[in-house]
Structures are given as C-alpha cells and as structure tokens.
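Structure first, commentary second.
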Amino acid sequence: MLKERLRAARQKLGLTLDDVAKKVGVSRQTIHRYETGVITNIPQVNIEKIAAVLETTPAKLMGWDIDENLSHISNLVPITGKPVPIIGTIAAGKPILAEENIEGEATPAADIRADFALRVKGDSMEGVPILDGDIVFIRSQPEVENGEIAAVLIDNEATLKRFYNNGNSVMLVSENPKYPPFIYTKENCDDFRILGKAIAYQHSLE
C-alpha cells in the first residue's frame, strides 16, 4: 500500500517525518497522515515532491510496475481526471454552474467522478480534516444520507456541512465545536438547498 511504501522509503534513508515535511513544504502532521492512511487522495504535486525527497519515482511510490519502454503506447490510463469548476459565491437566481459563479478549475484523481468543487474558507470542517484553502470535490445530487458531508447553499454561499435528518428537522453540523449547528424545520426548510455530496478532497500546499 502507498502508506507502507512511503514509510519504508523514508526509514530506509533514515529521515524523520519533520525532515520530509520541511523538504516537501507541508506540515509534519500531513506527512504523518499520508503514512497512516488518514489521507489517501494525495495531490500529484505532493507525490512528485515526496518521491524526489525519498530518492525514488512517483510510479514506484504508487506501486505501479511501469516499463520504461511503454512511452510509445497511446492508450495509457491518465492519473488525473477531468477538470471541474470551482464554485464560489452563488449569484441569486442563477444555476449553480453559471459562469459568474465559477472562480477557477480543479483536477481530481482519475477515479473521482465529480461535477464541481468548492474551495474551503475557514476552519469549520477541520475535524475531518478539511482545512482552510483545501479543494473539495462534489458529486451533484439533491439528497445525501445521514452523517454524510454535503455541499449546501445557505444565503447564496456554497458551504460544507455534515447532514442529519431526524424526520422533523434537519441539522447541518460543522466539524469544529466552536461553530453551532444550523437547524431547519418544515417552516424554514427552504432556507437551504443540498447541492451534492462531498466525495474527495485535496489539501492546499499553502
């Protein structure tokens, strides 16, 4: 597994988590999460940097048995997927993917089938851990299951919240205890809208 190859390569060189983190430009905690499998969707740019630090190649880290003579083959599977739009503030009355709502693009891994993405602002979901500046990939769907993380529209702002429905009310919960939950009943259930389900995220390097 990737996490085991990361740890083995680091230990072979006698490097600490701090050593790798400083050279890659991320926190020690991030490298630890990579090695323990807490984070599995590691951004490609980080894979390349880590491979350089560990004196190996991205392909070997990922466990791909790649023949160097395959460069002439035209149907190799790409490691990145189709770019999707990053949604910011939602213009009132406009479709979610209206041009004025889009603030850029993000490219997920090849196996992630997302329709759009959100750039996280603030620390309300840090318990996941989804951090300020991270990119979260969303699959469009009008409903989610209890406990799943949903992209929701509140006051024309797309945001992330964990969703709970007890039949009489809906609760949208942050993953940070300093933020109170949003609670909606039948009387005000039109004040929010589910845009889709969070299916993957990428940590920011900043």
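Coordinate-derived values only; no laboratory data. Predicted model only: the values in this text are computed from it and were never measured. Cβ sites come from the backbone with ideal geometry, for glycine too, and all protein chains shown count toward neighbours.
A simple rule links phi to the HN-Hα coupling: the Karplus curve 6.51 cos²θ - 1.76 cosθ + 1.60 with θ = phi - 60°, which for the stretch 149-165 gives 8, 10, 8, 10, 9, 10, 6, 6, 10, 7, 9, 10, 8, 7, 9, 9, 10 Hz, with x for Gly and Pro.
Using 24 Å as the Cα-Cα cut-off, could you pick out the over-long pairs in K82/K197; K23/K60; K3/K60? As for pairs spanning more than 24 Å Cα to Cα, there are none. Which residues does a label at L153 reach in the stretch 178-192, if reach means a backbone N under 20 Å from a point 7 Å past the Cα toward the Cβ? Counting only backbone N, you get 182-192. Counting 0.36 nm for each residue step from S204 to K82 and taking away their Cα separation leaves a gain of 42.0 nm. Between K121 and G133, the built amide H atoms are under 5 Å apart, and every one of these is 5 or more places off in sequence or on another chain. The H on the amide N of A106, modeled in the peptide plane, is under 5 Å from the matching H of V84, I86, each at least 5 residues off or on a different chain.
Between E105 and D190, residue separation times 0.36 nm minus the direct Cα-Cα distance comes to 27.7 nm. Counting only DSSP beta bridges with both residues in the stretch 85-202, the antiparallel share comes to about 95 percent. Approximating the spin labels as points 7 Å out from Cα along Cα→Cβ, the V38-to-R113 distance works out to 3.1 nm.
Scanning residues 5 or more positions from Y201 or on other chains, those with amide H under 5 Å from its amide H are F137, with H placed 1.01 Å from N in the peptide plane. For the stretch 131-175, the spread of Cα positions along the three principal axes, ordered from largest to smallest, is 34, 21, 20 Å. Based on Cα contacts under 8 Å between residues 6+ apart, the stretch 2-62 shows a relative contact order of 37 percent. 3J(HN,Hα) couplings calculated from phi for the stretch 53-59 with the Karplus curve 6.51 cos²θ - 1.76 cosθ + 1.60 (θ = phi - 60°) are, in sequence order, 5, 8, 6, 9, 10, x, 4 Hz; Gly and Pro show x.
Note that the stretch 185-194 has calculated 3J(HN,Hα) couplings of 10, 4, 6, 10, 5, 7, 7, 9, 9, 7 Hz, one per residue in order, obtained from phi through the Karplus relation 6.51 cos²θ - 1.76 cosθ + 1.60 (θ = phi - 60°); glycine and proline are x.
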